[in-house]
1. Out of A:Ser67, A:Ser162, A:Ser86, any idea which swings most in a Gaussian network model of chain A, alpha carbons joined below 10 Å?
2. What residue among A:Ile75, A:Ile188, A:Ile98 shows peak mean-square fluctuation when chain A is described by a Gaussian network model with Cα springs under 10 Å?
3. How would you rank B:His184, A:His30, going from fewest to most other Cβ atoms within 10 Å of each one's own Cβ?
4. Label the stretch A:1-47 by shape, choosing from rounded, prolate and oblate, from the square roots a ≥ b ≥ c of the eigenvalues of the Cα gyration tensor; if a/c is under 1.5 it is rounded, and otherwise prolate applies when a/b is larger than b/c, oblate when it is not.
5. May I ask for the Kirkwood hydrodynamic radius of the protein assembly as shown, worked out over all distinct Cα pairs and given in angstroms to one decimal?
6. Of B:Ile193, A:Ile2, how do they rank once you tally other Cβ atoms within 10 Å and put the fewest first?
7. Restricting to DSSP H runs of at least four residues, report the calculated mean residue ellipticity at 222 nm for the protein assembly as shown, -39500 (n - 2.57) per run over all residues, nearest 500 deg cm²/dmol.
8. Return one number: the angle in degrees, 0 to 90 and rounded to the nearest 10, between the long axis of the Cα atoms of helix A:21-33 and the longest principal axis of the Cα atoms of chain A.
Amino acid sequence: MIRHHPDEALLLAYAGGGADEAVSLIVATHMAYCETCRARATQLEALGGSLLQDLPPAPMSSDALQSVLTKLDEIKPVERPVRPVSRDGTPRVLRNYIGGDLRDMRWRQMGPNLSYVPLFRRGAVTARLLRGVPGAQTGPHRHGGQEYTLVLKGGFSDVTGSYAPGDLQMMEGDMRHNPVADPGEDCINLAVTTGPLKFESLFRKIVAPLFGF
Amino acid sequence: MLAYARNAPFPALRRFPRRIGQAWRLPQTLAQILAMTPETGDWNALLCRVAQTRDRAAFASLFGHFAPRVKAYLLRLGATPALAEDLAQEALLSLWRKAHLFDPAKASAATWLFTIARNLRIDAIRREKRPELDPEDFMPEPGTAADDGLAQADEEVRLRAALKDLPADQIQVVELSFFADKPHSEIAEALGIPLGTVKSRLRLAMARLKRVLGEAE
């Protein structure tokens, strides 16, 4: 049962196409777990369809239809790609994007309890996989932008609640938290930030930039 | 016009998108022919004909209606006229290529084409990948009712009416969500209002649209 969902604005940014690539990835991966948000996103796309229908048409060039019609015969219908099944329950949308299962990734150690895989960086927007052993902490921090965290395995808890696989946490600005990995299996998250994290401890402040945080 | 009338769907089929193709009938009266302006034409059915019989006349009708709208959409998002023209043609070629994947129970033709145009734009203009949902990803959660799906085309008509009734400040943030190519934090900056205000306007707009859709069912 998913308890933490993207808000309306985030889903709308996804459906409308305004969201950054990394943000779209985390929303799409959440939807692999969440039937409810898939249905919500479909409704929002219908809004896009409605807006498209109501746009004042911009005339096409006079030979546009003719030139497209002559191309139709060369076109073969696309087949749905057949993709291998994940061996560790990695959602396909994520798997297709990162090119393998979570366990195939090359995890880079960041201290004794935490490891990560960088996935994407464009400007201030980054996406990475984060893995913590039970009890691992990221350390108290606030946010220079938005921070979105989607649980893929295990779980974590902080002042805002507990998060299990499929749950999406949204944090921003001065909201302060210190996520701690729950007991049991390792906690693996997909994490997207649109600005740097602002750590409180001097050590983390110094170390974080070395790992691209 | 004649070509259009010959290929146009029987209007009553709008309610039975799954049965399109089994129940083709030619329009019986002049009134029916006149009723089939592009505004009420069943684009879903035309798209199904493209999928089932590779019907070029149906494709031409869809092109005539949607290509200029896709072009307008791309222009709104800042594409140059030449690029917008190219991508609009590309979008309609994608429609031909992917028509067999179209499911009228899940989306209207306009919505489907919107998602094609949106993804093409992200690909071509922003040079980013669009992470696509994989239909085989995971089973439905227990307890969430699947959409009956039959009402998609009707839903679009009601949505369009409801959109026009929204207060101007709500329409603005909804439109910018689709036409600004910006996350909401930047939309807020551009409008000079706090992000919280953008979000609350979106919430109000969505609540209102949902109410309208809910009431009509």
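1. Between A:Ser67, A:Ser162, A:Ser86, it is A:Ser67 that shows the largest mean-square fluctuation.
2. A:Ile75
3. Least to most surrounded, the residues fall as B:His184, A:His30.
4. Oblate is the answer for the stretch A:1-47, as a/c is 1.5 or above yet b/c matches or exceeds a/b.
5. Its Kirkwood hydrodynamic radius stands at 23.2 Å.
6. B:Ile193, A:Ile2
7. Per the formula, -14500 deg cm²/dmol.
8. Approximately 80 degrees, to the nearest 10.
FYI, it's all coordinate maths here, none of it is from the lab. These numbers come from a predicted model, not from an experiment. Counting neighbours? That spans all protein chains shown, and the Cβs are built from the backbone with ideal geometry, glycine included.
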